[in-house]
1. Report the label-to-label distance for residue 298 and residue 279 in nanometres (one decimal), using points 7 Å from each Cα along the Cα→Cβ vector.
2. Hey, which of these cross-link pairs are over 18 Å Cα-Cα: 168/288; 226/310; 226/311; 211/260; 145/281; 146/310?
3. Go through the range 264-317 and name the chymotrypsin sites (Phe, Trp or Tyr not before Pro) that are in a DSSP coil and have 16 or fewer other Cβ atoms within 10 Å of their Cβ.
Amino acid sequence: MDLSDEDENPYDFVAQYKKLQMERKKKVADDKQQPIVINTINSQTETSVNVTQSSSKQCEALTNSVVNTTVNSTASTNDHGCNTQSHHQTKGNCATEESTNVVGPVICIGDFDDGYDMSLPKASKEKTTHEKMMEDAGNIMDNWKKKQIEEAEVEDALAAANRVMNVKVYWRQMRTYRFPLRMFQPISSIYEHFAKLENIDPSHVRLDLHKKTLSPTDTPNSINYKIVDFIDGEIEFYRSPYDTSNVVPEVKKPQDDLVKFCIKQKDVKKPIFIEIKKTDKMLILYIKLSEILGFDIDSFTLEFDGDKIKKTDTMDNLDLEGDECFELFQKQSKK
């Protein structure tokens with residue numbers, strides 16, 4: 001056998017060792033590219049040891065030291081290869097686990113406001129003639145319902161404000177008479193009743209409430225009449241209806257919460273002055289006018305600077321301060 005060829009010399013263990021190292025390096029480089037577990041290192045090492053043992057019988061003395069060196073080097077390399085094997089197995093497992101995770105930007109549709117879940121814009125649609133008619137009919141019904149509600153509120157407020165009160169008069173300490181009067185109705189009818197009963201002039205009738213003399217123009221509201229009150233009635237025979245020399249007119253103290261308005265009528269020169277509270281609605285003004293003039297409350301309207309005054313209006317929303325002049329217009333009766 002020719003020992004000059006190092007590649008084919010089976011007894012050149014150093015060359016074989018170098019060849020094994022080169023193969024391992026090449027496999028390690030391949031392992032970096034793809035996770036492949038190296039399982040052939042032990043078999044190759046065992047084959048090298050077996051070849052070394054069989055060949056040592058022919059040239060034991062020549063290669064004894066070389067074999068020892070090779071076996072030792074092979075053993076250390078085997079340990080290193082085992083470590084490398086376990087390292088690459090672990091690395092391969094890690095690479096396999098890491099391969100399950102996606103590397104790079106991830107977009108999950110619907111987990112943020114990306115605009116894809118927005119509804120499409122509705123196309124503009126022109127209303128048909130039927131739809132316009134239905135919409136107009138709906139508006140008419142809404143206005144009618146609103147008007148009905150306002151009228152009902154006015155009627156309720158009118159019934160509460162100008163309710164009927166039974167005014168009791170204890171006449172001449174003999175008998176009690178009851179007179180159903182509205183809260184803003186003058187008590188002049190009471191004077192006329194007792195004047196006719198006693199056959200005297202109404203000026204001889206005297207009515208007192210809480211030791212305060214009343215007048216025919218007073219109303220249950222103005223005298224603050226309560227349901228438990230009694231008015232005392234007497235006849236003043238010593239007083240002549242034409243004698244006014246001893247009559248001292250009662251001076252009313254001005255009240256801060258009262259305001260006065262002037263009411264003008266068409267073809268009437270003398271205006272009417274009416275006082276109401278600042279917190280009262282214009283309904284009270286309508287009630288007082290209807291009682292004074294004897295008109296139905298729905299038969300006339302009041303206007304200020306050409307604007308109609310509603311019964312639900314107040315001084316605040318009309319921007320009134322007092323002493324304004326209103327115009328009264330009667331409604332034409334329906335034939």
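1. The answer from the label model is 3.0 nm.
2. Pairs exceeding 18 Å: 168/288; 226/310; 226/311; 211/260; 145/281.
3. In loop regions of the range 264-317 (DSSP not H, G, I, E or B), the sparsely surrounded chymotrypsin sites (Phe, Trp or Tyr not before Pro) are 295.
Quick note: the coordinates plus some simple rules give every number you see, no bench work behind them. The model shown is predicted, which means the values in this text are computed figures rather than measured ones. Here Cβ is always computed from backbone atoms with ideal geometry, including for glycine, and neighbour counts include all displayed protein chains.
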